[in-house]
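Read the structure below first, then the notes.
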Ligand code: MN
Ligand code: MN
């Protein structure tokens, strides 16, 4: 539970004249409450009234787990046989009275649930968007959050080490994924932060390629993009390795991508802008003649979710501050030939930044 962030939310509500906030995104709920859960299609909600205690509303089967976290306010569970919105309306009427101005997450709340809110609180204005506030709060991480992100990052290092060992002649992408996830699960990591990518040869030239029965071949690259969820926080890192000696052209592309990654990471410090960091990496790749093959932003924020604010992209003039955490992940994807991406997530310090993952970025040759 994060009391300070809850207070920040209440201060914002006061400013905006909002008497009830409804947080619906599970990642954002985890951020405020410490309870990290995927409710699937069921309702998981955090309600924060301006003038009384916040409460969590969860599927009944998750209520005990929610109570076992650091969350010290009320938790209400509902059974699959019950109408959650009827219960929610009763709770709100009892605890808050008749809300006049309800804030929601416009980018997250599904239309059906918005409809229930309107139905049960016909007198309320429902228009204020909490999302920009949450983005602003989340963008600066506390020391405790950074400590957890470092732990999550070190699990990604374990995954790389195990995954590299599984790179063998004829091994399929899926076999390598199975090996590394098996090792993590044996050691207590219950969840990856997204579907692990292991892409061999020119399959890596697709930045969101699907791993499958494609096999590792000599003198080709294998791209690993992976991360775990650890105590509610995500890791995300990418390494590209060579199976036996790389082809000359592939090595050249690798070196350009690495130079872009290293220069951008060395450039990060408080006071520079998100767009400037993107440009440092992009200029390296463009000047080498491959700008058109780097077809995505340089990076994204990371925290309770893999992709969050801020975006490291052209046009984002956000000024970088100490405590911000984001990925630096240039890639060069030449269809039919070769794909390389190198990614570290970092946290910004007083005068630079430190990565969450420490696996070497020098080209690893596996044989
Ligand atoms: Mn990433
Ligand atoms: Mn990634």
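The values are calculated or read from the model by the stated rules, or taken from the named source; none is laboratory data. Since the structure is predicted, the reported quantities are computational estimates derived from the model, not experimental observations. Here Cβ is always computed from backbone atoms with ideal geometry, including for glycine, and neighbour counts include all displayed protein chains.
Annotation: residue 285 fulfils all but one of (1) within 22 Å of the chain's Cα centre (by Cα); (2) in contact (Cβ under 8 Å) with a residue 40 or more places away in the chain; the unmet one is (1). Scanning the stretch 324-353 for residues that are closer than 24 Å to residue 150 by Cβ, away from ligand 1 (no atom under 12 Å from the Cβ) and buried (at least 16 other Cβ atoms within 10 Å of the Cβ) gives 324, 347, 348, 353. Summed over the stretch 159-200, residues that are touching a residue at least 24 places away in the same chain (Cβ under 8 Å) and either under 21 Å from residue 356 (Cβ atoms) or in contact with a strand residue (DSSP E or B) (Cβ under 7 Å, 6 or more places away or on another chain) (or both) total 27. For the stretch 107-138, residues that are out of contact with any helix residue (DSSP H, G or I) (no Cβ under 6 Å at 6 or more places or on another chain), in a helix (DSSP H, G or I) and under 28 Å from residue 3 (Cβ atoms) total 7. Scanning the stretch 34-57 for residues that are under 14 Å from residue 2 (Cα atoms) and at pLDDT below 95 returns 34, 35, 36.
All of 38, 74 fail the test of being farther than 16 Å from residue 99 by Cα and either under 27 Å from the mean Cα position of the chain (by Cα) or in contact (Cβ under 8 Å) with a residue 40 or more places away in the chain (or both), apart from 38. Answer with yes or no whether residue 359 is under 27 Å from residue 136 (Cα atoms) and either within 15 Å of ligand 2 (Cβ to nearest atom) or assigned to a strand (DSSP E or B) (or both). Answer is no for this residue. Name the residues in the stretch 321-361 that are over 18 Å from the mean Cα position of the chain (by Cα) and free of Cβ contacts under 8 Å to residues at least 24 places away in the same chain, would you? Result: 360, single match.
For the stretch 201-227, which residues satisfy the criterion of being assigned to a loop (DSSP other than H, G, I, E, B) and in contact (Cβ under 8 Å) with a residue 24 or more places away in the chain? Those that are assigned to a loop (DSSP other than H, G, I, E, B) and in contact (Cβ under 8 Å) with a residue 24 or more places away in the chain: 206, 207, 209, 211, 212, 213, 214, 216, 217, 218, 219, 227. For residue 77, the requirement of being over 21 Å from residue 126 (Cα atoms) and at pLDDT below 95 is not met.
A count restricted to the stretch 231-245 and to residues that are modelled with pLDDT under 95 and either within 10 Å of ligand 2 (Cβ to nearest atom) or outside any loop (DSSP other than H, G, I, E, B) (or both) stands at 1. Scan the stretch 206-241 residue by residue and report those that are buried (at least 22 other Cβ atoms within 10 Å of the Cβ) and more than 21 Å from the chain's Cα centre (by Cα). Passing the criteria: 216, 221, 222.
The set of residues from the stretch 270-279 being surrounded by fewer than 22 Cβ atoms within 10 Å (Cβ to Cβ) and either in contact (Cβ under 8 Å) with a residue 12 or more places away in the chain or within 21 Å of the chain's Cα centre (by Cα) (or both) comprises 270, 271, 272, 273, 275, 279.
Restricting 193, 154 to those that are within 19 Å of residue 307 (Cα to Cα) and away from ligand 1 (no atom under 16 Å from the Cβ) reduces the list to 154. One residue stands out in the stretch 14-39 among those that are in contact with a strand residue (DSSP E or B) (Cβ under 9 Å, 6 or more places away or on another chain) and closer than 18 Å to residue 111 by Cβ: the one that is surrounded by the fewest Cβ atoms within 10 Å (Cβ to Cβ), namely 39.
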